Amino acid sequence: MRLIWIAIAAAAAMLAGPASGQQWPARSVKLIVPYPAGGNVDSAARIVADKLQEKLGQPFIIENKAGAGGMIAGEAFAKSVPDGYTLFVGANGPVLFATEINKREAYNWKKDFLPISTISMTPLVLEVHPSVQANNFKEFIELAKREPGKLTMASPGPGTTNHLLSELMQSNLDLQWVTAHYRGNAPAINDLLGGQVQFAFDQLTVSLQHIKAGLFRALAVTSPHRLKSLPDVPTFAELGYKDFDGQTFTGLFAPTGTPGPVVDKLHETLVAILKDPGVIDKFEKLGGEATAMTPDEFRAYLEREDAKWIPVVRKANIKAD
């Protein structure tokens, strides 16, 4: 009888103990997404979730937790058990900027988030309404200098990469325009289409169809190289403005304390997924690029982005609505 109880206790200990790469996943895994369904980050999460389920044999379930610039999702994730069964698909705003903008230390990515890998990089494009008398970036700058405060920029919200790039450009080039904040990309782009605002820095995911249709004029992109989808549009770096290289990343995170074997298995599987030609094609159609990093590379990238953009947030005194 004693041996039976020892065996039961050992089995219970194995179930309760840290997951190993071989054991994990033994049940469904939750992917928390800090935005509503249908956006850039949500789309990236769903592409990856389908492939993770296919390769690892368990459901990877998307849980959309929108609100407070991503803080609702970030806080829930930071408090989750680090067992590999709750993961986070995050982006620049929720990971790096939300707590600074909301002035609430609900979590700290450096302590609470364990980077697994980037998933994709999506560049921004500077686009203007056809009524704007600027056919290139030089003419755009000349117009902004000639008529300070006359142009209005459509922002999808305070503290987004789009907004921060606008603030950085105004500061570095001594420009001035009005910023109109919207609750997301869709209403911002609708007003740009209607001519109520004059320009935007927007994710290519959202704007490519309108640029192709001639409804917007693309002046420059923030990617490190020219884009296949817009081969005639120069990069800011080509134009001599290397500081304006902001991109929207999506990345996979586990809670700090997640067992090493689980992290290794997640990373190995995700890297294989991001090399899949079908996955690469899906991200290209979204205007992004499937991009894998090691956990150390991803952490170093986040550190650089933090060091670059948090001073912009503070200098511009950006706060949540």
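The values are calculated or read from the model by the stated rules, or taken from the named source; none is laboratory data. Since the structure is predicted, the reported quantities are computational estimates derived from the model, not experimental observations. For neighbour counting, all protein chains shown are included, and Cβ atoms are generated from backbone atoms with ideal geometry for every residue, glycine included. Just so you know, the surface numbers come from the protein's heavy atoms only, side chains and all, with ligands and any DNA or RNA stripped out. Shrake-Rupley method; radii C 1.70, N 1.55, O 1.52, S 1.80 Å.
Among the criteria (1) outside the structural domain of residue 145 (by the TED database); (2) touching a helix residue (DSSP H, G or I) at 6+ places or on another chain (Cβ under 7 Å), the one residue 203 does not fulfil is (1).
What number of residues within region 188-210 satisfy the criterion of being in a helix (DSSP H, G or I) and within 20 Å of residue 122 (Cα to Cα)?
If we filter region 188-210 for residues that are in a helix (DSSP H, G or I), which is where we start, we get 188-194, 204-210.
This time we only want the ones that are within 20 Å of residue 122 (Cα to Cα), so: 188-189, 204-210.
Residues meeting the conditions: 9.
Reported count of residues in region 122-173, each being on the phi > 0 side of the Ramachandran plot and touching an Asp or Glu at 6+ places or on another chain (Cβ under 9 Å), is 2. Candidates 91, 78: the one that is at pLDDT below 95 and on the phi < 0 side of the Ramachandran plot is 91. Residue check: residue 293 meets all listed conditions (1) closer than 26 Å to residue 168 by Cα; (2) within 19 Å of the chain's Cα centre (by Cα) but one, namely (1). Helices (runs of 4 or more DSSP H) fully within region 90-154 that include at least 3 residues being surrounded by fewer than 16 Cβ atoms within 10 Å (Cβ to Cβ) and not assigned by the TED database to the domain that holds residue 45: 137-146. The set of residues in region 257-287 being in a helix (DSSP H, G or I), open to solvent by less than 20 Å² (accessible area, probe 1.4 Å) and touching a Gly at 6+ places or on another chain (Cβ under 6 Å) consists of 262 alone.
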